[in-house]
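Visitor: One structure, pasted below without further comment.
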Amino acid sequence: METQDNGIEELYEKTFHKVHSGLIIKGEVVTKMSDSVVVDIGYKSEGFIPIDEFKPEELEAVKIGDELEVMVTRVNDNEGIVSLSIERARKVKAIEQLQDIYKDEKPVEGKITSKVKGGFYVDILGLQAFMPGSQADIKPIKDPDKLIGIKSKFRILKLNSKLTNIVVSRRVILEKERESLRTETLKNLKDDAVMEGVVKNITDYGVFVDLGGIDGLLHISDISWGRITHPSEFFTIGDTIEVIILKYNPETDKVTLGFKQKKPDPWMEIQEKYPVGKKVEGKVVSITDYGAFLEVEEGVEGLIHVSELDWSQRPKHPSKYLDIGETVEAQVIKVDSDERRLSLSIRELKTKPWDLVVERYTVGDKVSGKIRTLTDFGAFVGLPEGIDGLIHISDISWTKHIKHPSEVLKKGQKVEAVILKIEPDQEKMALGVKQLTDDPWNTVIPEKYHLGDEVTCKVLRTTDFGIFADIDNEVEGLIYSSEIDPDRVQSLEDNFKEGDELRARIIKIELEERKIGLSLKNVSSSKEESEAIEDPE
């Protein structure tokens, strides 16, 4: 028995001499305590790993009987206590592994943990490495914070003997991967080939697509056969899209891409699909001062000119008729496949105003409307059907000489008139205001005025041949120059002012010519005197 005990002591003695600080050894978990994990490493007493060397999830996963690789950090000969570290064992192993990786120039997995001045910290096998900002990506990084937490492969650029300075690069790996993809992509890169790519960048003029190690430009004009304001209407960064190689230049590596070319040009059969007279339905996609654009199918838009929105001679702004996004019907009135133009009309689907006019009105009918425009020759009156009727200056008054319609009419004034003539073929309607009353030259004037009568009148205007005067605010008469005192004739404008009241004698009445001639000679000085001469009693 004594011999057996001596043998055990010798075995412990040998193990004891082998266990020393810095030794990495495997052991078996015996138990978990509140402050440590106890591990049997084959020594006369167990070793202890501090509990804080384990992450919570690691500690929970550790089971009794598990084998752990640890480092001996301290041996107490007197008490036979051995302190162990799983963390330092891992670090030593990581260092050895890292040195082999660096020597063989192999990639290593890692995670970007934080951003620091000039670059980033990266966790490589539990060791902290530094990655310069220039080595983070192939292209400049706009938002460095987006890289935090990314797991990737890295290349070790620098590693000193004490492992106090580890420098890594992600860019080297990306460049190598890109070059590998590029080689593969170039095998398939040819004109008219269909390829898949990822949207890398979006600009005002187009989209850059990564085809796999080589970028191609999809110009905005090659995105859609139809209207497009900005490429972002169709794509977002990161989208995987299918494109057609329009042109590849091996010397410059310039690749021009197409997207719309995957579908046939809708304008190729436009004449057959949209003949003149066909009714179409579409969505309003744009409104301008000169009209509205209607999308009748993807890639095909037609223009409804402002003049084709309504039968009105003075149509309003297109926005008064249509809203963007609204679905409307229109009629094809012109097709030009060469110019890629489709002209549409909404008014052609409406009843023509002149057709309504012919149905509703006859000569002699009374109508009412507001004056839209005044011209030198008359006034245009707007009617409910959307057409204008003309009141000629000669049809404003039976008895007054009107130089301009503005003397008696105003723009926007509501007037009543009589239809004198309807000419639908020429789209004309003649109206008259004076025709609302009987012609005074046939009734009132011959009854009221006679040759030799003296009348009170007011000067309207002077001419070289006499003075036009208003008689009783009913009819105009002309005082001939020969019937005015010669002394006063020399300067009519100075002697007779507009509005001056005169007594004159009627010396001529021409009903057919609608003229009354007047004289200032042999006229009583007042109305009372004239009446006394006519009635001496």
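Visitor: I'd like to verify a number: residues in region 171-209 that are outside any strand (DSSP E or B) and either touching a residue at least 40 places away in the same chain (Cβ under 8 Å) or over 27 Å from Lys158 (Cβ atoms) (or both), how many? Walk me through how you get there before you give the answer.
Guide: So in region 171-209, the residues outside any strand (DSSP E or B) come out as 171-193, 203-205.
Going one step further and asking which of them are either touching a residue at least 40 places away in the same chain (Cβ under 8 Å) or over 27 Å from Lys158 (Cβ atoms) (or both), we end up with 173, 178, 181-193, 203-205.
Going through region 171-209 one residue at a time, the tally reaches 18.
Visitor: Are any residues in region 142-152 surrounded by 12 or more Cβ atoms within 10 Å (Cβ to Cβ) and assigned to a helix (DSSP H, G or I), and if so, which ones?
Guide: Passing the criteria: Pro144, Leu147.
Visitor: Still on this model: Taking the conditions exactly as written (touching a Phe, Trp or Tyr at 6+ places or on another chain (Cβ under 7 Å) and among the β-branched types (Val, Ile, Thr)), does Val194 satisfy them or not? Please lay out each step first, then the result.
Guide: Details: touching a Phe, Trp or Tyr at 6+ places or on another chain (Cβ under 7 Å): no; among the β-branched types (Val, Ile, Thr): yes.
No; evaluated as a whole, the condition is false for this residue.
Visitor: Something else about it: Pull out all pairs, ordered by first then second residue, where Cβ-Cβ is under 6 Å, the residues are six or more apart or on different chains, the first lies in region 354-369 and is in a loop (DSSP other than H, G, I, E, B), and the second is at pLDDT 90 or above.
Guide: Tyr361/Ile419; Val363/Ile419; Asp365/Ile419
Visitor: Only residues that are acidic (Asp, Glu) and under 25 Å from the mean Cα position of the chain (by Cα): list them for region 268-316, please. Even if it seems obvious, please write down each step before you answer.
Guide: Just the residues of region 268-316 that are acidic (Asp, Glu), to begin with: 269, 272, 281, 289, 295, 297-298, 301, 308, 310.
Answer for region 268-316, where residues must be acidic (Asp, Glu) and under 25 Å from the mean Cα position of the chain (by Cα): Glu281, Asp289, Glu295, Glu297, Glu298, Glu301, Glu308.
Visitor: Tell me which residues, restricted to region 240-266, are under 28 Å from Gly282 (Cβ atoms) and in a loop (DSSP other than H, G, I, E, B).
Guide: Hits for region 240-266 are Phe259, Lys263, Pro264, Asp265.
Visitor: For region 459-494, name all the residues that are of a type in the set (D, E, K, R) and in a loop (DSSP other than H, G, I, E, B).
Guide: Asp464, Asp472, Glu474, Asp485
Visitor: Being farther than 22 Å from Arg178 by Cβ and among the aliphatic types (A, V, I, L, M) is the filter; apply it to region 125-156 and report the residue that is nearest to the chain's Cα centre (by Cα). So that I can check it myself, show each step before the final result.
Guide: We begin by selecting, within region 125-156, every residue farther than 22 Å from Arg178 by Cβ; these are 125-130, 145, 148-149.
Filter again for among the aliphatic types (A, V, I, L, M), leaving 125, 127, 129, 148.
Details: Leu125: 52, Leu127: 53, Ala129: 49, Ile148: 36 Å.
Only one residue fits best here, namely Ile148.
Visitor: Looking at region 97-109, which of the residues that are surrounded by 11 or more Cβ atoms within 10 Å (Cβ to Cβ) and closer than 30 Å to Ser21 by Cβ is modelled with the highest pLDDT?
Guide: Among residues in region 97-109 that are surrounded by 11 or more Cβ atoms within 10 Å (Cβ to Cβ) and closer than 30 Å to Ser21 by Cβ, the one modelled with the highest pLDDT is Val108.
Visitor: I've got another one for you. Only one of (1) surrounded by 15 or more Cβ atoms within 10 Å (Cβ to Cβ); (2) under 26 Å from Lys93 (Cα atoms) is not met by Ala136, so which one is it?
Guide: Every listed condition holds for Ala136 apart from (2).
Visitor: To continue, here is another question. Looking only at strands (runs of 3 or more DSSP E) that fall completely inside region 87-141, which ones have 3 or more residues that are without any contact (Cβ under 8 Å) to a residue 24 or more places away in the chain?
Guide: So the answer is 119-124.
Visitor: In addition: Just a yes or no: is a residue in region 389-403 of a type in the set (Asp, Glu) and either in the same structural domain as Leu511 (by TED's automatic domain parsing) or out of contact with any Lys or Arg (no Cβ under 6 Å at 6 or more places or on another chain) (or both)? Before you say what the answer is, go through the steps one by one.
Guide: From region 389-403, those of a type in the set (Asp, Glu) are 395; that's our starting set.
If we keep only those that are either in the same structural domain as Leu511 (by TED's automatic domain parsing) or out of contact with any Lys or Arg (no Cβ under 6 Å at 6 or more places or on another chain) (or both) too, we end up with none.
No, the conditions are met nowhere in region 389-403.
Visitor: Go through Val207, Val194 for me and flag whichever is aliphatic (A, V, I, L, M), assigned by TED's automatic domain parsing to the domain that holds Phe234, in contact with a Lys or Arg (Cβ under 9 Å, 6 or more places away or on another chain) and surrounded by fewer than 16 Cβ atoms within 10 Å (Cβ to Cβ).
Guide: Numbers: Val207 fails: surrounded by fewer than 16 Cβ atoms within 10 Å (Cβ to Cβ).
After applying the criteria, what remains is Val194.
Visitor: Do we find that Gly212 is assigned to a strand (DSSP E or B), surrounded by 14 or more Cβ atoms within 10 Å (Cβ to Cβ), outside the structural domain of Glu295 (by TED's automatic domain parsing) and small (Gly, Ala, Ser) in this structure? Step through it out loud before you land on a result.
Guide: On the way: assigned to a strand (DSSP E or B): no; surrounded by 14 or more Cβ atoms within 10 Å (Cβ to Cβ): yes; outside the structural domain of Glu295 (by TED's automatic domain parsing): yes; small (Gly, Ala, Ser): yes.
When the stated conditions are applied, Gly212 does not pass them.
Visitor: In the set Glu281, Glu251, Glu242, which member is modelled with pLDDT under 85 and loosely packed, with under 14 Cβ neighbours inside 10 Å?
Guide: Criteria check complete, one pass: Glu251.
Visitor: For the structure I just gave you, tell me whether Lys55 is more than 17 Å from Lys26 (Cβ to Cβ) and surrounded by fewer than 17 Cβ atoms within 10 Å (Cβ to Cβ). If you could, list the steps in order and put the result at the bottom.
Guide: On the way: more than 17 Å from Lys26 (Cβ to Cβ): yes; surrounded by fewer than 17 Cβ atoms within 10 Å (Cβ to Cβ): yes.
For Lys55, the condition - more than 17 Å from Lys26 (Cβ to Cβ) and surrounded by fewer than 17 Cβ atoms within 10 Å (Cβ to Cβ) - is met.
So that you can scan it fast, the table gives a plain yes or no per residue for (1) touching a Phe, Trp or Tyr at 6+ places or on another chain (Cβ under 7 Å); (2) surrounded by 14 or more Cβ atoms within 10 Å (Cβ to Cβ); (3) not assigned by TED's automatic domain parsing to the domain that holds Ala430:
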{"site": "Lys320", "(1), (2), (3)": "no, no, yes"}
{"site": "Asp323", "(1), (2), (3)": "no, no, yes"}
{"site": "Val335", "(1), (2), (3)": "yes, yes, yes"}
{"site": "Val363", "(1), (2), (3)": "no, no, no"}
{"site": "Arg372", "(1), (2), (3)": "yes, yes, no"}
{"site": "Lys410", "(1), (2), (3)": "no, no, no"}
{"site": "Lys414", "(1), (2), (3)": "no, no, no"}
{"site": "Val418", "(1), (2), (3)": "no, yes, no"}
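Visitor: What pairs can you find where one residue is in region 500-518 and in the same structural domain as Gly466 (by TED's automatic domain parsing) and touching a residue at least 60 places away in the same chain (Cβ under 8 Å), the other is outside any strand (DSSP E or B) and of a type in the set (Phe, Trp, Tyr), and their Cβ atoms are less than 6 Å apart, with a gap of 6+ or different chains?
Guide: Every condition considered, the pairs that remain are Leu511/Trp441; Arg514/Trp441.
Visitor: When you go through Ile533, Ile484, Ile506 one by one, which is the residue that is in contact with a strand residue (DSSP E or B) (Cβ under 9 Å, 6 or more places away or on another chain) and modelled with pLDDT of 90 or more? Quick ask: steps written out before the conclusion?
Guide: Values: Ile533 fails: modelled with pLDDT of 90 or more; Ile484 fails: modelled with pLDDT of 90 or more.
Among Ile533, Ile484, Ile506, only Ile506 is in contact with a strand residue (DSSP E or B) (Cβ under 9 Å, 6 or more places away or on another chain) and modelled with pLDDT of 90 or more.
Visitor: Regarding region 395-413, can at least one residue be identified that is assigned to a loop (DSSP other than H, G, I, E, B), aliphatic (A, V, I, L, M), under 40 Å from the mean Cα position of the chain (by Cα) and farther than 30 Å from Glu281 by Cβ?
Guide: No.
Visitor: Taking region 300-331 as the search range and keeping residues that are in a strand (DSSP E or B), touching a strand residue (DSSP E or B) at 6+ places or on another chain (Cβ under 6 Å) and of a type outside the set (Asp, Glu), which one is nearest to Glu269 (Cα to Cα)?
Guide: Across region 300-331, the extreme among qualifying residues is Gly302.
The values are calculated or read from the model by the stated rules, or taken from the named source; none is laboratory data. Since we're looking at a predicted model, the values are computed, not measured. Neighbour counts run over all protein chains shown; Cβ positions are idealised from the backbone, glycine included.
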